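Each remark here refers to the structure printed beneath this line.
Nothing in this text is a laboratory measurement; each read-out follows from the coordinates by a stated rule. All figures in this text were calculated on a predicted structure; none of them were measured in a lab. Every residue, glycine as well, gets a Cβ built from its backbone with ideal geometry; the counts of neighbours run over all protein chains shown.
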Amino acid sequence: MSSSDVNGLVVELMRRGASLLSETCPNCGGIMLRYKGVTFCPRCSGFTSIEEVEEKLAAPKDLLGDIEKLIYEGLREDLQALRSARGIEERAASLRSLREELEVLEMLLRVKDKVSGIGK
Ligand SMILES: [Zn+2]
């Protein structure tokens, strides 16, 4: 990929909301971008088109985002159930469900951190 192609890709990424990082690529010394939570060097990443970037970077992120949304919905329901719980049994059941939801959320956030941790 020629450097003018890389520049074109960078311009397009910036237009789509990518941010330019202050640190440079440890590999080629070029600029580093952050897009959709992922940090990468447009030159070394080997991306040849904006479509490729969208496909490779966005897909897992969106998927995780969907799961996260669902977990938050579940948490809200658990909270409501906990508030309206009558007696220790109902309360314990709500807390159990809440804890499971939080465990998944914690895992999810850890995975998300790893996905976006490239170049951190
Ligand atoms: Zn590089």
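Some values worked out for this structure:
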{"read-out": "Residue satisfying all of: in the range 71-90; surrounded by 15 or more Cβ atoms within 10 Å (Cβ to Cβ) and in a helix (DSSP H, G or I); nearest to the chain's Cα centre (by Cα) among these", "value": "ILE71"}
{"read-out": "Selection from the range 39-51 of residues that are surrounded by 15 or more Cβ atoms within 10 Å (Cβ to Cβ) and more than 14 Å from the ligand (Cβ to nearest atom)", "value": "ILE50"}
{"read-out": "Filtered residue count, the range 1-54, keeping only those that are among the polar types (S, T, N, Q) and in contact with a Lys or Arg (Cβ under 9 Å, 6 or more places away or on another chain)", "value": "5"}
{"read-out": "Index of the failed condition, LEU105 passing every other in (1) more than 16 Å from the ligand (Cβ to nearest atom); (2) part of a loop (DSSP other than H, G, I, E, B)", "value": "(2)"}
{"read-out": "Filter result (surrounded by fewer than 15 Cβ atoms within 10 Å (Cβ to Cβ) and within 16 Å of the ligand (Cβ to nearest atom)) within the range 5-29", "value": "ASP5, ASN7, LEU20, SER22, GLU23, THR24, PRO26, ASN27, CYS28, GLY29"}
{"read-out": "Residue selected from the range 27-45 under the condition in contact (Cβ under 8 Å) with a residue 40 or more places away in the chain and out of contact with any Cys (no Cβ under 6 Å at 6 or more places or on another chain), by the criterion farthest from LYS112 (Cα to Cα)", "value": "PHE40"}
{"read-out": "Among (1) touching a helix residue (DSSP H, G or I) at 6+ places or on another chain (Cβ under 7 Å); (2) of a type in the set (Val, Ile, Thr); (3) under 27 Å from ARG110 (Cβ atoms) - the single one THR39 does not satisfy", "value": "(1)"}
{"read-out": "So GLY46, is it among the small types (Gly, Ala, Ser) and within 30 Å of SER4 (Cβ to Cβ)", "value": "yes"}
